[in-house]
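Engineer: Once you've had a glance at the structure underneath, I'll fire off some questions.
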Amino acid sequence: MKQMELMAWQLIKEQLMADILTDSVKDGDRLESERTMMRRFGVTRDTLRRAFEELRNEGLIYSVPASGHYVAKNKNIRNLRDLQSLTEWSLDRDIHLETKILTKQVIEADKGLTKRLHLTLGSPVFYLQRLRILDGRLSLIENSYISLTRFPGIGSINLESESLYQSMEEMGAHFSYGEEEISVTHLTQEEADLFELPADSPAFFLRSIVYDTAGEPLEYLYSVHPYKFQAFRYDSEDDDE
Amino acid sequence: MNKPYYLQLKEVIQEKIKDGTYSPGKELPSERQIAQRYGVHPHTTRAALKLLEKDGLLQLVPGRGAFVNLPSPDENMKELGFTLPEGKKKRKKAKVHLRLAGPYYAKILHVESQEELYYMKRVVKEKKPLYMEELFVVKKKVPDFPELHPDVFSLSNILAQKEAPISRTAQLLKICDASKEVQRRLKLPAGSVVLLLERTDYDREGPVAFTRYYLQSEDLAVEVKFRKSPTGE
């Protein structure tokens with residue numbers, strides 16, 4: 001089998017990806033000027049720009065006209081395996097988490113909620129919509145639905161300062177496992193205004209149900225995350241763990 | 001009274017799969033050849049093969065032939081992590097290439113940049129394109145990769161047959177802007193975004209393969225199952 005020849009732009013793209021991966025250029029660093037790189041790689045500006053375009057598409061760099069190309073690493077990488085609350089996650093990483101409640105009300109379970117939370121029609125459900133702000137930047141809008149029959153005290157807790165999961169655990173919930181669906185959505189005008197992004201910008205849409213050890217649903221939630229600063233990780237356990 | 005011929009033929013082929021005449025991953029003789037050998041109508045052959053596919057013993061690929069299925073990988077590995085829609089049978093024959101690892105894939109796959117990798121790119125379709133897949137496999141770990149019909153069987157299926165099976169995977173999911181090539185191959189309008197899923201498969205010694213999936217995001221979702229880690233708290 002003959003070896004495949006890589007195009008010049010591919011070689012440059014991979015070299016720059018390696019530089020970013022190994023941290024020889026760091027988040028926010030400006031890359032060498034196009035002129036310098038043209039000399040270093042011995043290629044034309046068009047070839048170089050093709051490589052930059054590819055890196056930009058994958059969110060590894062961003063370009064500022066008349067200034068240059070900058071390294072952009074994904075900052076919020078959440079591992080989905082462990083069912084770790086955002087509170088724990090941000091504590092682990094020394095990231096400052098601030099929570100603002102946008103909506104907090106009691107609603108009646110509709111058909112969709114009766115299925116997701118194993119309730120009967122019209123049962124009282126606690127609905128909570130929160131803005132989660134990481135290191136000063138609004139990072140996601142989270143919508144939670146919890147059965148008030150099961151957690152009657154949930155409405156009286158200050159959920160701007162207390163962790164929702166911790167409060168539920170104190171009320172006897174044993175978090176065990178969950179299912180999540182990740183897709184792409186486009187921001188509504190209202191969401192876009194909150195994130196200070198153009199309306200219709202793409203965003204992650206996550207929808208999940210979390211269950212307790214008995215297989216009973218504890219929470220149904222969905223959240224919206226602008227995509228530029230977000231990635232999700234899933235690492236399987238080692239065999240011998 | 002004898003059973004109908006398609007059922008008899010099904011049992012004949014099933015027996016040959018069992019005794020290893022047709023071994024896992026291998027291609028069966030064509031429908032026409034089978035029909036000739038037993039003096040039956042090609043429709044009879046087709047019916048027998050369909051039944052075997054239903055039983056999970058064969059994979060039928062239109063325009064290519066019938067392949068003896070590989071046993072499924074470990075259920076645990078299958079169930080956890082991001083799961084993609086399977087995509088049905090509309091796989092075009094994809095070519096496996098050789099390439100140098102280069103600085104980036106050398107780092108990802110823990111090899112020297114002068115080492116050779118197998119590379120394969122393909123689009124998986126249902127009625128419309130679902131995703132584009134780019135595969136990088138360490139040659140010295142899976143030297144016979146091109147002969148294992150990588151365009152018919154999934155990578156995890158193939159790697160599950162190896163002596164050193166996959167013991168762990170790491171996956172990363174991002175959203176990115178579709179490049180011109182991705183737009184063209186997935187038939188997406190300009191300005192589209194795609195879900196980019198990157199996966200590294202490891203055996204006990206280290207990385208074996210790296211895969212990148214570009215998924216059209218119009219109506220596709222990735223599913224994840226998670227559980228509370230016993231050490232968490």
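The values are calculated or read from the model by the stated rules, or taken from the named source; none is laboratory data. This one's a predicted model, so the numbers in the text were calculated from it and none came from an experiment. Cβ atoms come from the backbone with ideal geometry, glycine included; neighbour counts cover every protein chain shown. Areas reflect the complete protein model, heavy atoms only, side chains present, ligands, DNA and RNA absent. Shrake-Rupley method; radii C 1.70, N 1.55, O 1.52, S 1.80 Å.
Engineer: What value in Å³ per residue do you get for the convex hull of the alpha-carbon atoms in the protein assembly as shown?
Structural biologist: So the per-residue Cα hull volume is 194 Å³.
Engineer: Compute the Rg to Rh ratio over chain A from the alpha carbon atoms, using the Kirkwood formula for Rh, and round to two decimal places.
Structural biologist: Taking Rg over the Kirkwood Rh, I get 1.08.
Engineer: Kindly identify the stretch B:180-233 as rounded, prolate or oblate by the Cα gyration tensor criterion: order the square roots of the eigenvalues as a ≥ b ≥ c, call it rounded if a/c is under 1.5, otherwise compare a/b with b/c, prolate if a/b is larger, else oblate.
Structural biologist: oblate
Engineer: Please give every one of the aspartates and glutamates within straight-line cross-link reach of B:Lys50, meaning a C-alpha to C-alpha distance under 13 Å, and leave out same-chain neighbours fewer than 8 residues apart.
Structural biologist: By straight Cα distance, B:Lys50 reaches B:Glu11, B:Glu31.
Engineer: Counting pairs of alpha carbon atoms under 8 Å apart in space and at least six apart in sequence, what relative contact order in percent does the stretch A:76-240 give?
Structural biologist: Rounded, it is 24 percent for the stretch A:76-240.
Engineer: Okay, moving on. Testing the spin-label approximation: label points 7 Å from Cα along Cα→Cβ at B:Glu15 and A:Asp46. State their distance in nm.
Structural biologist: Distance between the two pseudo-spin positions: 6.6 nm.
Engineer: Any idea what angle helix B:5-18 forms with the longest principal axis of chain B, computed on alpha-carbon atoms, 0 to 90 degrees, nearest 10?
Structural biologist: 50
Engineer: Each label point is 7 Å from the Cα along the Cα-to-Cβ direction; what then is the distance between the points at A:Tyr222 and A:Thr36, in nm?
Structural biologist: Output for this residue pair reads 4.7 nm.
Engineer: Size of chain B along its principal axes in angstrom, Cα-based, largest extent first?
Structural biologist: 65, 44, 42
Engineer: Then there's this: If you average the alpha carbon positions of the stretch B:149-164 and of the stretch B:189-218, how far apart do those two centres end up, in angstrom?
Structural biologist: First find each Cα centre; the distance between them is then 17 Å.
Engineer: Next up: For the pair A and B, how large is the buried accessible area, both sides, in square angstrom to the nearest 100, if the probe is 1.4 Å?
Structural biologist: 4600
Engineer: Using the alpha-carbon atoms, what tilt in degrees (0 to 90, nearest 10) does helix A:8-21 show relative to the longest principal axis of chain A?
Structural biologist: Roughly 50 degrees between the two axes.
Engineer: Could I ask something else about it? Given a Förster distance of 60 angstrom, what is the FRET efficiency for A:Thr188 paired with B:Arg37, based on the Cβ-Cβ distance and rounded to 0.05?
Structural biologist: 0.40
Engineer: Follow-up. Of all the accessible heavy-atom surface of the protein assembly as shown, with the other protein chains kept in place and a 1.4 Å probe, what percent is carbon and sulfur?
Structural biologist: 49
Engineer: In the P(r) worked out for the stretch A:2-71, what percent of Cα pairs fall beyond 14 Å?
Structural biologist: Above the 14 Å cut-off, the stretch A:2-71 has 58 percent of its Cα pairs.
Engineer: Sum -39500 (n - 2.57) across every DSSP H segment of at least 4 residues in chain A, then divide by the residue count to get the 222 nm mean residue ellipticity, nearest 500.
Structural biologist: -7500 deg cm²/dmol
Engineer: Would you mind classifying the stretch A:174-241 by shape? Square roots of the alpha carbon gyration tensor eigenvalues, ordered a ≥ b ≥ c; an a/c under 1.5 is rounded, otherwise it is prolate if a/b is larger than b/c and oblate if not.
Structural biologist: oblate
Engineer: Now, a different point. Assuming R0 = 51 Å, what is the FRET efficiency of A:Asp200 and B:Lys26, from their Cβ-Cβ distance, to the nearest 0.05?
Structural biologist: 0.50
Engineer: Follow-up. Just report the Cα centroid separation between the stretch A:42-98 and the stretch A:110-162, whole Å.
Structural biologist: That distance is 31 Å.
Engineer: For A:Thr114 and A:Arg93, what is the calculated FRET efficiency with R₀ set at 30 Å and r taken between the beta-carbons, to the nearest 0.05?
Structural biologist: With R0 = 30 Å, the Cβ-Cβ based efficiency is 0.20.
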